Amino acid sequence: MTKVIKPRYFKRIVNTLRSGGVVAFATDTVFGIGVCFDNLEALNKMKAAKGRDEKKPFPLMVYDISQMHEVAFLNERDQKLVEKFTPGALTLVLKKKEIIKEEFTNGYDTIAIRIPDDEFVLRLLKEVGPMFVTSANVSGEPSASNHEEALKQLKGKIDLIVEGKAKSGVSSTIIDGTKDELILLREGDISEDDIKNALAC
């Protein structure tokens with residue numbers, strides 16, 4: 001059974017995540033669902049809820065650049081982009097560290113990471129650590145922008161839905177930072193020109 005609760009019930013939300021639950025909440029981009037990064041059973045529950053392609057790994061949200069360094073390798077260029085655009089709607093694909101087991105990334109040696117610009121989500125990440133977070137919708141359906149839309153798609157499939165509304169409704173920009181040259185994988189509110197200009201400074 002899926003419960004809809006208010007953000008003020010923070011301890012219950014944290015306890016649900018720590019015990020392997022799947023929780024939906026508003027982010028600075030779209031409404032998301034998330035699980036703790038080190039719980040494979042919870043990750044598989046989230047995959048089942050979305051009906052997601054097993055070959056496509058989930059992105060990771062972290063609290064700050066220090067948490068990012070714990071799970072991935074950043075070079076000077078990556079560091080510059082993180083300092084310029086985060087917290088915010090920029091996702092970087094980086095080489096992961098061993099703390100992220102390959103079964104969590106479907107065998108990939110990379111991980112997509114971002115620091116969200118949302119006070120509630122950052123509070124969660126500070127409390128429970130990094131989280132795999134993806135859009136709160138069934139794969140192939142539109143991304144939810146609020147808790148009502150998330151409930152319509154995911155009722156009975158996840159544990160908790162936190163009341164709220166996503167800020168922008170636009171998915172984050174995704175940059176592949178694992179090559180010599182950056183590769184734009186998806187453009188969101190942060191444009192390719194924004195990225196180039198930041199690196200030119």
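The values are calculated or read from the model by the stated rules, or taken from the named source; none is laboratory data. Just so you know, these numbers come straight off a predicted model, no measurement behind them. With ideal geometry, Cβ positions are generated from the backbone for all residues, glycine too; neighbour counts draw on all protein chains shown. Surface areas here come from the heavy atoms of the whole protein model, side chains and all, with no ligands, DNA or RNA. Shrake-Rupley method; radii C 1.70, N 1.55, O 1.52, S 1.80 Å.
Would you mind stating whether Ile158 is more than 28 Å from Asn15 (Cα to Cα), part of a loop (DSSP other than H, G, I, E, B), of a type outside the set (S, T, N, Q) and in contact with a strand residue (DSSP E or B) (Cβ under 7 Å, 6 or more places away or on another chain)?
When the stated conditions are applied, Ile158 does not pass them.
Being in contact (Cβ under 8 Å) with a residue 40 or more places away in the chain and open to solvent by 20 Å² or more (accessible area, probe 1.4 Å) is the filter here; which residues of segment 11-38 pass it?
Let us first name the residues in segment 11-38 that are in contact (Cβ under 8 Å) with a residue 40 or more places away in the chain, namely 12-14, 16-18, 21-38.
Across segment 11-38, the qualifying residues are Arg12, Thr16, Arg18, Phe37, Asp38.
Given the residues Glu149, Glu127, Glu98, which is the only one that is open to solvent by 80 Å² or more (accessible area, probe 1.4 Å) and either more than 19 Å from Asn39 (Cβ to Cβ) or not in a loop (DSSP other than H, G, I, E, B) (or both)?
Glu127
Residue under question is Val30, and the condition is that it be of a type in the set (A, V, I, L, M) and farther than 29 Å from Lys155 by Cα; does it hold?
The answer is no for Val30.
Of everything in segment 102-124 that's without any contact (Cβ under 8 Å) to a residue 24 or more places away in the chain and assigned to a loop (DSSP other than H, G, I, E, B), which residue is most open to solvent (accessible area, probe 1.4 Å)?
So the first thing to find is which residues in segment 102-124 are without any contact (Cβ under 8 Å) to a residue 24 or more places away in the chain, and the list is 102, 107, 109, 119.
In the following step, the residues that additionally are assigned to a loop (DSSP other than H, G, I, E, B) were identified as 107, 109.
Details: Gly107: 45, Asp109: 74 Å².
Only one residue tops the list, namely Asp109.
Filtering segment 39-58 down to residues that are at pLDDT below 95 and either under 21 Å from Thr178 (Cβ atoms) or in a loop (DSSP other than H, G, I, E, B) (or both), which residue is most open to solvent (accessible area, probe 1.4 Å)?
Among those that are at pLDDT below 95 and either under 21 Å from Thr178 (Cβ atoms) or in a loop (DSSP other than H, G, I, E, B) (or both), it is Lys55.
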